[in-house]
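Colleague: Quick one: the structure is below, questions incoming.
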Amino acid sequence: MKRIIPQTICLLSMLLTLQTAGTKPRSDSVNACPMVKIEAKQMPDLNIARAGHVLFYANDELTVAGGHTDGFVPSPTAEYLKEGEWHPLQMVYNHDNALAIVLRNGEVLLAGGSSEPIGIGQTFLSELYDPKSHTFDGFNSMQHKRTLASALELDSGQVVIAGNWYHQDGIEVFDSRLRRFHYLRNVNTSRATPIILQTAPDDALIFGNNSYRGDTLHTAYAYQLKGDSIHIPLFDTWHPLHTCRNVSAIGKQGDYTYLFPVYNQEGQVAIATYQKGDFSLLSTFVPIPMKALNHVIEYNFNILVDQQSQRAYLLGCNQDFHKSPNNPIQYYILAIDYAQALKGKPAPLTLYYTQPITGAIDAPPLLTPEGDIVMAGGFLNGSNFTPSKSVWLIPFGTYEEKAETAKIPWAWLIPLVLLFVGWFFFLFIFREKESKQPAANQDSGCNTLLIKRIRELVENKKLFLNSELKITDIADTLGIHRNIVSDAINSQTGFSFNQYISNYRVEHAKSLLRQDPNKKLSSISAESGFANEQSFFRTFKAITGKTPKEWILSINTK
């Protein structure tokens, strides 16, 4: 009976969800997207107000660099957050509306930007930031002066650079090993803040809907790093959002699978995917909501991808925020649970919204290693002349949601209840084959013996070092049902399966850190069985209460 009840509840939930399902977003569909309120938290202010800057994580530190301050005057400064305070740094050059990319070697490349105040002109200037020494090095210049450009590092270590503002566009590459730029070719269609997707170890695709003069291109063609332009049929009717720039992969390294926002001529926003050379619309249960809480939602910026939770976030705000300096901003964050879509099923959507915030900012977001969303600096009231010092965080990484679920039309309720009742009695009469299995999870003595077998298997074979380890792998090896393994782990340790394995991985990471405190954290993450660095940082801090670097310092001071 215990197994029947949760299954019937699960079935009812699935059936209730199906009434809002659709394979593609439709602008005329009823908005049935679940809504959840989440409190935005204010962090320490920056030392100076800035907009047009870049925001990144380097050496486990949140850092802002460049941009312009009050009066639309470029600022050759940066600052990083440590121990609750922002620490100022001096840069070599001004980089207002420049490109920035954190390289695999840990350095940060900053290049280009406006040559004069109030966003005029372009520059060749470039420099590298070393987050370990907190120093900037003006080492070379690009071959093509540009601002509002984009960059992407390929597997080869070469960085593809494209895009410009009020100046001829072109494609060039930066070799991080030789510290040199090499210009490849001009392009016929100049773009600002183009999207660059890696499509092969040494190739990329460049496209976008924002012209170098700020108007809409409405072109369905994209440039290849290697090869001619190609036509993308999806872009005949769906166009990439203007504000989209950097796109994060949702697949494993080498999969080249991406999500990015698009819109049609009616203004309806949807999520596009690139996978195995094909562009298509992501299948979702409900269309992306364009209105909520009496607001028209204006979606901005690129999609943030959290591979640990297999969630992607699209940030927007109330459109009327820009109309009056007295209007508070209210952030809307669309969460896309894309794991289902990778299996060919519609992806569930959840619309989060914050409290109205007076004096909040309109700035590009960044995903933290803990899975939160942070925004620093940016425009106040939509003006380049009045940037902000504010820093806000939306705590997705530690938030336990209480959804305000969508209303279900009563017309659907009667047949669903009848289906539910029929299914319940079917299971009650015939039961399941699985119920014939030995009830090991009810016997504490069996669980004690079973956890010893599980522990021996995990420790002796070091299964936790496999980043793709699943509970079914252990269950199959032991020849028992996965629920029995789960119950044994939970009753004997108090942990879920994922928590149980995470503890092994963190202990292994600690051992590696003790052996070589200077070893790259990316290597330690991979060698300890974590799927990615983001998962490593978040799990390590959740278990130890410290980041890996803080933990190293704590044991060295003992």
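The values are calculated or read from the model by the stated rules, or taken from the named source; none is laboratory data. This is a predicted model, so every value here is computed, not measured. Quick reminder, even Gly has a Cβ in these numbers, built from the backbone with ideal geometry, and neighbours come from all protein chains shown. Surface accessibility is based on the protein's heavy atoms, side chains included, excluding ligands, DNA and RNA. Shrake-Rupley method; radii C 1.70, N 1.55, O 1.52, S 1.80 Å.
Colleague: Three principal axis extents, largest first, for the C-alpha atoms of the stretch 40-166, in Å?
Modeller: Cα extents, longest axis first: 39, 38, 29 Å.
Colleague: Moving on to the next point. Of Met142, Met290, which has the most accessible area and how do the rest follow, probe 1.4 Å?
Modeller: The most accessible residue leads, giving Met290, Met142.
Colleague: Heavy atoms only, 1.4 Å probe, whole protein assembly: order Phe495, Phe396 by accessible area, highest first.
Modeller: Phe495, Phe396
Colleague: What figure, in Å² to the nearest 10, do you get for the accessible area of Trp165 with a 1.4 Å probe and non-protein molecules left out?
Modeller: Rounded to the nearest 10, the figure is 70 Å².
Colleague: Next question, about the same structure. Which residues among the stretch 51-87 fall inside the zone where the amide N is under 13 Å from a point 7 Å beyond the Cα of Ser383, along Cα→Cβ?
Modeller: 70-72
Colleague: Separate question: Suppose every Lys and Arg Cβ carries +1 and every Asp and Glu Cβ carries -1, with no other charges. What dipole size does the stretch 128-196 come out with about its Cα centre, to the nearest 20 debye?
Modeller: 160
Colleague: Once fully extended, how much extra length lies between Lys520 and Thr237, figured as 0.36 nm per residue of separation less the alpha-carbon to alpha-carbon distance?
Modeller: Length gained, Lys520 through Thr237: 97.3 nm.
Colleague: Under a point spin-label approximation (7 Å from Cα along Cα-to-Cβ), what is the Glu456-His182 distance to one decimal in nm?
Modeller: Result for the modelled spin labels: 5.8 nm.
Colleague: Take Ile195, Ile48 and sort them by solvent-accessible surface of the protein heavy atoms, 1.4 Å probe, largest at the top.
Modeller: Largest to smallest exposure gives the sequence Ile48, Ile195.
Colleague: In nm, give the distance between the simple-model label positions of Gln42 and Lys226, each being 7 Å from the Cα along the Cα-to-Cβ direction.
Modeller: Taking the simple label geometry, Gln42 and Lys226 are separated by 5.2 nm.
Colleague: Just to be sure I understand the model, the point goes 7 Å from the Cα along the line to the Cβ. What's the resulting Leu293 to Asp255 distance in nm?
Modeller: Each label point lies 7 Å from its Cα, and together they span 3.3 nm.
Colleague: If you don't mind, there's one more thing I want to ask. Given the Cα-Cα distance of Ser309 and Asn503 and 0.36 nm per residue of separation, how much length would full extension add, in nm?
Modeller: Using 0.36 nm per residue and subtracting the Cα-Cα distance, I get 68.1 nm.
Colleague: Please sort by residue number the trypsin sites (Lys or Arg not before Pro) in the stretch 132-187 whose DSSP state is loop and whose Cβ has at most 15 other Cβ atoms within 10 Å.
Modeller: Passing both the DSSP loop test and the Cβ count: Lys132, Arg177, Arg179.
Colleague: Taking all protein chains as present, what is the carbon and sulfur share of the accessible area of the stretch 176-281, in % to the nearest whole number, probe 1.4 Å?
Modeller: Roughly 45 percent, rounded to a whole number.
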